[in-house]
């Protein structure tokens, strides 16, 4: 899923996507365990989670300890992945519906990651640490994240804001997992809030965005046979946190209309328009669809994690107390009545999106004449009000419920052809020792996440859930059922993008806090009860619309075969240049080559060819281009952006593909090899 | 053209070159003697070619300074690793590129 732009059609791969599974269990009670998944996807999803749970159930009794309560499916919030895998209609629209291949790749891969984690279970220890991610040279300069809606953040009470140094959380928290027998670390799980929007809206190459870069760098650094600290199978999870109003475009938002001025502070517009206003990443001048900025922000997270990891050798908090618990239920947020912190009775509303939702953000501006900070009466073309009426005119009750949000899309009350967004939402907490993980279905803003964590911490401390140890609370998401954003009540009133996308009205955050604090006692070490499961959400995988066309057939051009060279490499390249080769190709969707690679760089070492780069490497790019839909011909270009530190030597590039035969539809594997070239 | 080399006192340049060669040889001999003595005393350094190569290939942890870290103080700072609670732990990774 990208930027909800139907023109953003995939054209290749920059870096493969992964599911990283972390399983923690009680040594004395094997049935008490939890699974935290970090997927290189935009978010979790109702149907993806359901598919994973079904798959676990089909694996038999050995996997019977995993279920609704203790499996958390989080996404890193990358905006550079394939779409067409989500359950509800709204995110399907710009991806031309639902695609089983995309969906199954995620579900099957997630299952496989859980199986691998399960099969590797062994006694171990957990430790926890945290660090600020900022440049020590100029601590006022944004380093890895900034707030992209500071005008809304300023609406929070001054005394609350005064508790914090920044309008984003600059703290990276890390859980370190160590095998008790070998003493080696088997992985780390970090939380740090920054949007996966480093790759720009004109990018069409698959990647895990900046968190995918960070995870890959960390694993390659520590999966080193000579490393005595880390296990060969070391896994690094870079989980998303209270990401809602964060941005990796740390240089700020400027007008790309030639003026070069900073965007309007309140509405992020340029001369009254949203489209020209765009956030700038560290290397925004590079014409590479954001790739350099993406790698830079990923590298900054990796660098901070690596330093924190080493620092924790000498100073960290042990996770203690054998209790491993989880609690989950489904809750209908379309009309949940509860007691507000001020004592009044309030309700959430059926889901709806405001006009400012269509304005987009500085990371990805929207279309037409929509603007952020649209409260009260709509300030866009009145034609949109008519369009809204064709879909569903919100009732006066619905409008009153949503208060300062002028409703553009009454998504929670549209059921034709099926629900556009969830009303039934996952509520989930995990606990390991004194660590409590809030599994958030939405993108909580900075202050929303802080309030939520503090509420859980205070309640856990007051009730003694974690015994003598002070509770440590982290927030991971967006997870499970994707519910867009969770802003504070005050930020909601400003109705920037994040407020307009807070689906269930102004009391959404307080509803989440109410429910999760209510469920905290289920995490008590002696508890064996579960809350009622709640209403089951609909699963639309078998009835979703799909206008994603399959692969018709592939043909090689006359006088050519699949895998033949069209344009070969040059004899020599220098570091920091790009080696490129073009092959006769075929549609990559014929074979996703999961757990394998489409392309590789091989180096000649001691007379034999050794793979040194593959799809997991950022510097190796696979591009596919259909040259003729009628003839079925296509080309594949393989590019190696040779690193400045790459070894001098002799190399070649490889490509593996699969073609679909006309008429019979038979899939035939093939490969291509470039000639040798030297890096000098 | 045939160049005749006649016997007699060496030209000044040749004399200087021979003197420099002598100095260089002397310096080299002294260096070798010192190295031999050090190796005898300390031993040869171990060459781990593979390790060096992997170092080149690994993403380098940058020297960019990060703000001073502040890990949470450990309540068990006095305790040994044997006092730490043990859990069942497992990690896994798999491809989901659709």
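The values are calculated or read from the model by the stated rules, or taken from the named source; none is laboratory data. Quick caveat: nothing in here was measured; it's all calculated off a predicted structure. As a convention, Cβ positions derive from the backbone with ideal geometry for all residues, glycine included, and neighbour counts pool all protein chains shown.
Restricting attention to the stretch A:345-372, the residues that are over 17 Å from residue A:197 (Cβ atoms), touching a helix residue (DSSP H, G or I) at 6+ places or on another chain (Cβ under 6 Å) and part of a loop (DSSP other than H, G, I, E, B) total 7. When residue A:204 is tested against (1) at pLDDT 95 or above; (2) over 16 Å from residue B:97 (Cβ atoms); (3) surrounded by fewer than 24 Cβ atoms within 10 Å (Cβ to Cβ), just one condition goes unmet, and that condition is (2). As for the stretch A:568-588, it holds no residue that is modelled with pLDDT of 95 or more and touching a helix residue (DSSP H, G or I) at 6+ places or on another chain (Cβ under 7 Å). So if I check each of A:334, A:293, which one is farther than 30 Å from residue A:23 by Cβ and part of a helix (DSSP H, G or I)? Going through A:334, A:293 in turn, just one is farther than 30 Å from residue A:23 by Cβ and part of a helix (DSSP H, G or I): A:293.
Going through (1) in contact (Cβ under 8 Å) with a residue 60 or more places away in the chain; (2) farther than 27 Å from residue A:502 by Cβ; (3) within 14 Å of chain B (Cβ to nearest Cβ) one by one, residue A:291 falls short only on (3).
Summed over the stretch A:294-324, the residues that are free of Cβ contacts under 8 Å to residues at least 12 places away in the same chain and either over 17 Å from residue A:172 (Cβ atoms) or in contact with a strand residue (DSSP E or B) (Cβ under 7 Å, 6 or more places away or on another chain) (or both) give a count of 2.
Kindly indicate the residue of the stretch A:8-36 that is assigned to a loop (DSSP other than H, G, I, E, B) and over 26 Å from residue B:98 (Cβ atoms) and also nearest to the other protein chains (Cβ to nearest Cβ) among those meeting that condition. Before you say what the answer is, go through the steps one by one.
Taking the stretch A:8-36 as the starting set, the residues that turn out to be assigned to a loop (DSSP other than H, G, I, E, B) are A:8-11, A:14-17, A:27-32.
Subsequent filtering for residues that are over 26 Å from residue B:98 (Cβ atoms) retains A:27-32.
Numbers: A:27: 6, A:28: 10, A:29: 10, A:30: 7, A:31: 11, A:32: 9 Å.
Top of the filtered list is A:27.
Restricting the stretch A:322-336 to residues that are closer than 11 Å to residue A:431 by Cβ and touching a helix residue (DSSP H, G or I) at 6+ places or on another chain (Cβ under 7 Å) leaves a set whose member that is nearest to the other protein chains (Cβ to nearest Cβ) is A:325.
Quick grid of which residues meet (1) outside any loop (DSSP other than H, G, I, E, B); (2) surrounded by fewer than 23 Cβ atoms within 10 Å (Cβ to Cβ); (3) in contact with a helix residue (DSSP H, G or I) (Cβ under 9 Å, 6 or more places away or on another chain):
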position: A:101; (1), (2), (3): yes, yes, yes
position: A:106; (1), (2), (3): yes, no, yes
position: A:109; (1), (2), (3): yes, no, no
position: A:159; (1), (2), (3): yes, yes, no
position: A:169; (1), (2), (3): no, no, yes
position: A:177; (1), (2), (3): yes, no, no
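Residue check: is residue A:81 at the interface with another protein chain (Cβ under 9 Å from one of its Cβ atoms), crowded, with 23+ Cβ neighbours inside 10 Å, in contact with a strand residue (DSSP E or B) (Cβ under 7 Å, 6 or more places away or on another chain) and assigned to a loop (DSSP other than H, G, I, E, B)? Here the answer is yes, as residue A:81 does meet what is asked. Of all the listed residues (A:412, A:364), the sole one being more than 19 Å from residue A:492 (Cα to Cα), at pLDDT 85 or above and crowded, with 16+ Cβ neighbours inside 10 Å is A:364.
Quick one: would you say residue A:94 is at pLDDT 95 or above and more than 11 Å from every other protein chain (Cβ to nearest Cβ)?
No, not satisfied.
From the list A:485, A:497, A:504, the lone residue that is more than 18 Å from residue A:438 (Cβ to Cβ), under 25 Å from the mean Cα position of the chain (by Cα) and in contact (Cβ under 8 Å) with a residue 12 or more places away in the chain is A:497.
Within the stretch A:300-314, restricting attention to residues that are within 7 Å of chain B (Cβ to nearest Cβ) and closer than 11 Å to residue A:192 by Cβ, the residue that is farthest from the chain's Cα centre (by Cα) is A:308.
Identification of strands (runs of 3 or more DSSP E) wholly contained in the stretch A:565-680 with 2 or more residues that are surrounded by fewer than 17 Cβ atoms within 10 Å (Cβ to Cβ) yields A:565-567, A:599-605, A:608-613, A:620-628, A:649-660, A:667-673. With respect to the conditions (1) within 7 Å of chain B (Cβ to nearest Cβ); (2) at pLDDT 95 or above, residue A:119 lacks only one, and its number is (1).
Out of the residues in the stretch A:220-243 that are closer than 15 Å to residue A:302 by Cα and buried (at least 24 other Cβ atoms within 10 Å of the Cβ), which is farthest from the other protein chains (Cβ to nearest Cβ)?
A:240
In the stretch A:139-160, of all residues being more than 7 Å from chain B (Cβ to nearest Cβ) and under 23 Å from residue A:310 (Cα atoms), the one that is modelled with the lowest pLDDT corresponds to A:143.
Do we have residue A:280 as more than 14 Å from chain B (Cβ to nearest Cβ) and either at pLDDT below 95 or under 23 Å from the mean Cα position of the chain (by Cα) (or both) here? Spelling it out, residue A:280 is indeed more than 14 Å from chain B (Cβ to nearest Cβ) and either at pLDDT below 95 or under 23 Å from the mean Cα position of the chain (by Cα) (or both). Among the residues that make up the stretch A:62-71, is at least one of them surrounded by 24 or more Cβ atoms within 10 Å (Cβ to Cβ) and more than 7 Å from chain B (Cβ to nearest Cβ)? Yes, there is a match, as at least one residue in the stretch A:62-71 is surrounded by 24 or more Cβ atoms within 10 Å (Cβ to Cβ) and more than 7 Å from chain B (Cβ to nearest Cβ).
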